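For reference, the structure discussed in these notes is given below.
The values are calculated or read from the model by the stated rules, or taken from the named source; none is laboratory data. Nothing here was measured: the structure is a model prediction, and the numbers come from that model. Please note: Cβ atoms are built from the backbone with ideal geometry, for glycine as well, and neighbour counts cover all protein chains shown. To get the accessible areas, we keep the full protein, side chains included, count just its heavy atoms, and leave off ligands, DNA and RNA. Shrake-Rupley method; radii C 1.70, N 1.55, O 1.52, S 1.80 Å.
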Amino acid sequence: MSQSQVWHPFTQHALEPAIPEIVRTEGAYLCKADGTRILDAISSWWVVTHGHRHPRIVKAIETTAASLDQIIFAGFTHEPAERLAKALVGLAPAGLDRVFYSDSGSTAVEVALKMALGYFRNIDAPRSRIVVMEHSYHGDTIGTMSVGARGVFNAAYEPLLFEVDTIPFPAAGREQETLDRFEAVSRDRRAAALIVEPLVLGAGGMLMYPAWVVAELKKIAEASGTLLIADEVMTGWGRTGTMFACEQASISPDILCTSKGLTGGVIPLAATLATDAIFQAHYSQDRRKTFFHSSSYTANPIACAAALANVEIWRDEPVAERVADLSAKQAAGLRRFRDNPFFSDSRATGTIAALDLRTGSAGYLAEIGPQLRAFFLERGLLVRPLGNVLYLLPPYCITGDELDGLYDAIEEAGERFGAKP
Ligand SMILES: *Cc1c(COP(=O)(O)O)cnc(C)c1O
């Protein structure tokens, strides 16, 4: 592929070996032209839920494309968007009654931040600070990088990033520090919103924390009138064991972002759900209170139809059972590593399992990452560690045998690359 003119994401082309070409996807697999199959253990960067190319979603795309393509969504509407909005409101935590469409996780978060600031401006109580959790990730645009962890990934863009207030990650036994810090930064009522990834911080290294912390954060937010934005771009659609992670905390955020699994991972779409209070703050005879945001492809009808098919799959197929079954298998798979000297901190939340490889050098840019990736790829496995964090976030159609094979390979990787404490 040396002739390729494609510039790939998060790829150092000077160091990357030949990039494999995929000609077909099927269930849990990516297939190459020579017939080789690669087990997609990370759901192609966390988007695929049921499996690649679920027939019902593919069919919905075909059917819709026969009558609708993109239409301007300002001043016009269409049935897939209307039906999907109703379905999303029905599935989301109570009180999230308004649905704003966009096209990626990053844009869903940008929309959430703009809604929060717009809300306070429109009710004549301007607030503009955003509170974020240490190690979080919310996307790669300037706004979403601003509310995410700073590091080597965004060092070059740092001068453009806006200032935020950061609360510590609620590590086991230190949750109170997180809550106290949030209490302290929200007291002066300048914070418009706290944005969090509930239960699991994905790109930050699959860091997990308990649901009661989310519930406490919500209480503190309410007390100071700070909005709670739940970034469920990764955690939504069953990943953490429930449809949305917020359910486990029995809370409703003021704003919820969903994307990745929204179409089952087949085509791009995102939605930002908000309470009626936030919508009402923008509802006015005064045009200046309009919510000024749009993407060209807002509410693409074909994507909305794909998302509707996804919702129907959840309704008609035993998806919740599959999620429960996969969650149990992940917990069982990790049990093997309890006494394994090469790993520490094995952890699982729902269908997501992670463990830390003991190495001399951590960090994403450490050479170990690419070496591990190559090691798994040689075995026909797509596993893409985050620094020294190995994790499995597979599509729900993965079988027990396939998972066993993955855990065997992880064990072998420990022996090959790990260092004993
Ligand atoms: C992936 C991700 C995003 C960004 O989504 P994109 O579709 O890649 O823009 C935002 N938030 C979280 C929690 C994510 O995991």
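Worth a mention:
- Of the residues THR166, ALA191, VAL214, the one whose Cα sits farthest toward the positive end of the charge dipole of the stretch 57-316, with +1 on the Cβ of Lys and Arg and -1 on the Cβ of Asp and Glu, is ALA191.
- Whole-Å distance, taken between Cα centres, linking the stretch 225-291 and the stretch 35-86: 19 Å
- Selection among THR178, ALA94, GLN280 by position relative to the dipole of the stretch 57-316 gives GLN280 as farthest towards the positive end (Cβ unit charges, Cα centre).
- Net charge dipole size for the chain [Lys, Arg +1 and Asp, Glu -1 on Cβ; Debye, nearest 20]: 480 debye
- Reciprocal of mean inverse Cα separation for the chain (Kirkwood radius, Å): 22.3 Å
- Stokes-Einstein D for the stretch 120-217, Kirkwood Rh over Cα pairs, 4 °C, 1.567 mPa s (µm²/s): 92 µm²/s
- Taking packing as the residue-averaged number of other Cβ atoms within 10 angstrom, the listed peptides 99-111, 400-412 run from highest to lowest as 99-111, 400-412.
- Ranked by the mean number of other Cβ atoms within 10 Å per residue, highest first, peptides 181-188, 197-204 order as 197-204, 181-188.
- Packing, taken as the mean count of other beta carbons within 10 Å per residue, orders the peptides 66-74, 28-36, 376-384 from highest to lowest as 376-384, 28-36, 66-74.
- The residues of the chain expose on average 46 square angstrom of accessible surface per residue, using a 1.4 Å probe on protein heavy atoms.
- Dividing the helix sum by the residues of the chain, where each DSSP H run of 4 or more adds -39500 (n - 2.57), gives a mean residue ellipticity at 222 nm of -11000 deg cm²/dmol.
- Taking a Cβ cut-off of under 14 Å around ALA348, the surrounding Lys, Arg, Asp and Glu residues balance to a net charge of +3, with basic ones at +1 and acidic ones at -1.
- Restricting the stretch 249-330 to chymotrypsin sites (Phe, Trp or Tyr not before Pro) that sit in a DSSP loop and have at most 15 other Cβ atoms within 10 Å of their own Cβ leaves TYR283, PHE292.
- Element breakdown for the stretch 237-314 at a 1.4 angstrom probe: carbon and sulfur atoms account for 51% of the accessible area.
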